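The values are calculated or read from the model by the stated rules, or taken from the named source; none is laboratory data. These figures come from a predicted structure and were not determined experimentally. No Cβ is skipped: glycine too gets one built from the backbone with ideal geometry, and neighbour counts run over all protein chains shown. Please note that ligands, DNA and RNA were not included when accessible areas were found on the heavy atoms of the full protein model with its side chains. Shrake-Rupley method; radii C 1.70, N 1.55, O 1.52, S 1.80 Å.
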Amino acid sequence: MTLPKAPILLDLFGRAVGPQWFDQMRQRLGLEAKGIYSLSVVVWLMMWQRLDGRGTLAMAVQQVVQGVLGDLLPQEKRVRERRVSSNPGALCRARQRLPLMIVEMVCDEIFTKLMAAELCLGLLARLFLLDGSSMRLAHTPSLIAAYPLASNLYGETHWPVIRILMAHHLGSGLAARPCWGPMHGKQAVSEQALAKQILERLPADGVVMGDINFGVFSVAWDAQQSHHPVLLRLQEARARRMAGGFLPPAHSERWVEWRPSRDERSAHPELPADAVVRGRLIVAHVEGENGKPIQLCLFTTLEEPREVLVEVYRRRWDIELDIRSLKQTLRLHSLASKSPEMVEKELLLGFAGYNLVRSVQREAARLANLEPKRLSFSRVQAVVMTAVPRLATIADAAQWEAEYQQVLRWAAQGKLPNRPRRRSYPRTVWGHGGTFPRHARPPTASATEPQGSPS
């Protein structure tokens, strides 16, 4: 009997981190191999829960009960006889036992394997966009202790919030393992401080591009120490100080030596006395959202022509769309786990699943002769997740391949519309909601009872 071939994402998952890889990691960490919910099964099901809109524990268990995972399942007697329990308790306990180190290595390995097909000569193929965001957590004592609540004159907020920094490949949208930390409290971290950690997770020849929030000396210095070229936008005042008090004329450039200011040295006492980053200061005028020209000040350690770098910086907005895909389509805006360690596992495997979908998007775009970013992430995900149950039942390899090519063609139809011009309507803010009168408390019984006459 011919077994059905693995579904699309499961097949990609097996090629990136196969059973042998998990066996090596298990032996390295000294973990026992027992039970149906092995390391690979638990990792896959946690990723699938994030990718599927109804990804509950009960539905994840059904993939094991009904044999959808195929060769990924351990060949135990209950699996062979199809007597696996539908109770999600075993999976829940296996998720908690899953070592965080395994999750981190899975996230890194999937990113590295998928990026291997992207890295080639050329600036766009090496460029990574940096940007930060925030995510809401559950209200539990352990999470509040790890990620303190914000407070103001009216008291504390209810939900803990983490600050997260992401690095996305410009061409494909693949995301490196993110960094995060508390957004509030004494141990709060900044996006600039997190940048030093994420630079170590980028490919050796990766180029870093960041908006004005990352146009500070500490980020440029950390990138130089990590041997990553940079393209950063600067505040006009900082660019003027760097240029000796006078900016170069528009559409021109100047070689500069960027040295830390007194405030930057105070904030980063670890900087050496002779710390300096040498590069080019580029000044250009570009059209803003309202059609008016905006003065753009860029610092770079790249050697590409000025016009090329200005045009490349126009695509910085792409990471905002990638973050929207993560937080809205994959629902990472709010994490439901109750402990800090489970939050980290949930977040990292959400990124790993996101990268798998991006890989399918890349193949569909190549089939349609398009850039991967020209396809809608949400539509590609919808096509893939709808096709998974059907592909899991096809045993013939030729038929599976033909069906897979059809899935890629459906995914390639999710092309984003061309918008050569800006929006025709102004961007406005939603008005504040109406206020309602306070509920009047009924008078108490003592107030309504008539007082007795004096005796």
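Of note:
- Members of region 304-338 that are in a loop (DSSP other than H, G, I, E, B), open to solvent by 40 Å² or more (accessible area, probe 1.4 Å) and of a type outside the set (Asp, Glu): Pro305, Arg331, His333, Ala336, Lys338
- Of all residues making up region 178-200, the number that are farther than 24 Å from Ala145 by Cβ and in contact with a helix residue (DSSP H, G or I) (Cβ under 7 Å, 6 or more places away or on another chain): 4
- Condition check for Ala176: among the aliphatic types (A, V, I, L, M), modelled with pLDDT of 95 or more, farther than 27 Å from Ala267 by Cα and touching a Lys or Arg at 6+ places or on another chain (Cβ under 8 Å): yes
- Trp159, sole failed condition from (1) open to solvent by 40 Å² or more (accessible area, probe 1.4 Å); (2) part of a helix (DSSP H, G or I); (3) of a type in the set (Phe, Trp, Tyr): (2)
- Of everything listed in (1) free of Cβ contacts under 8 Å to residues at least 40 places away in the same chain; (2) closer than 30 Å to Gly171 by Cα, the single unmet condition for Phe13 is (1).
- Taking residues in region 293-313 that are over 14 Å from Val230 (Cα atoms), and partners anywhere that are open to solvent by less than 10 Å² (accessible area, probe 1.4 Å), the pairs with Cβ atoms closer than 7 Å and at least 6 places apart or on different chains are Ile294/Gly288; Gln295/Val283; Leu296/Ala284.
- Residue check, Arg136 at negative phi, touching a residue at least 12 places away in the same chain (Cβ under 8 Å) and open to solvent by less than 70 Å² (accessible area, probe 1.4 Å): no
- Answer residue from region 143-156, given it is of a type in the set (Ser, Thr, Tyr) and open to solvent by 60 Å² or more (accessible area, probe 1.4 Å) and is nearest to Ile323 (Cα to Cα) among those: Ser151
- Filtered by the rule that a residue be buried (at least 19 other Cβ atoms within 10 Å of the Cβ), touching a Lys or Arg at 6+ places or on another chain (Cβ under 8 Å) and modelled with pLDDT under 95, region 219-246 gives no residues.
- Near pairs, Cβ below 7 angstrom, 6+ apart or cross-chain, from region 16-28 (within 20 Å of Ser359 (Cβ to Cβ)) to any residue that is surrounded by 12 or more Cβ atoms within 10 Å (Cβ to Cβ) and of a type in the set (Val, Ile, Thr): Ala16/Ile110; Val17/Val106; Val17/Ile110
- Listed by position, the helices (runs of 4 or more DSSP H) inside region 29-87 whose residues that are modelled with pLDDT of 85 or more and open to solvent by less than 20 Å² (accessible area, probe 1.4 Å) number at least 2 are 39-51, 57-65.
- Search result, residues across region 162-182 that are open to solvent by less than 20 Å² (accessible area, probe 1.4 Å), touching an Asp or Glu at 6+ places or on another chain (Cβ under 9 Å) and either basic (Lys, Arg) or assigned to a loop (DSSP other than H, G, I, E, B) (or both): Leu170, Ser172, Gly173, Leu174, Ala176
- Count of residues meeting criterion [free of Cβ contacts under 8 Å to residues at least 60 places away in the same chain and open to solvent by less than 50 Å² (accessible area, probe 1.4 Å)] in region 273-292: 10
- For region 104-116, the count of residues that are at pLDDT 95 or above, more than 17 Å from Leu347 (Cα to Cα), under 24 Å from the mean Cα position of the chain (by Cα) and surrounded by 15 or more Cβ atoms within 10 Å (Cβ to Cβ) is zero.
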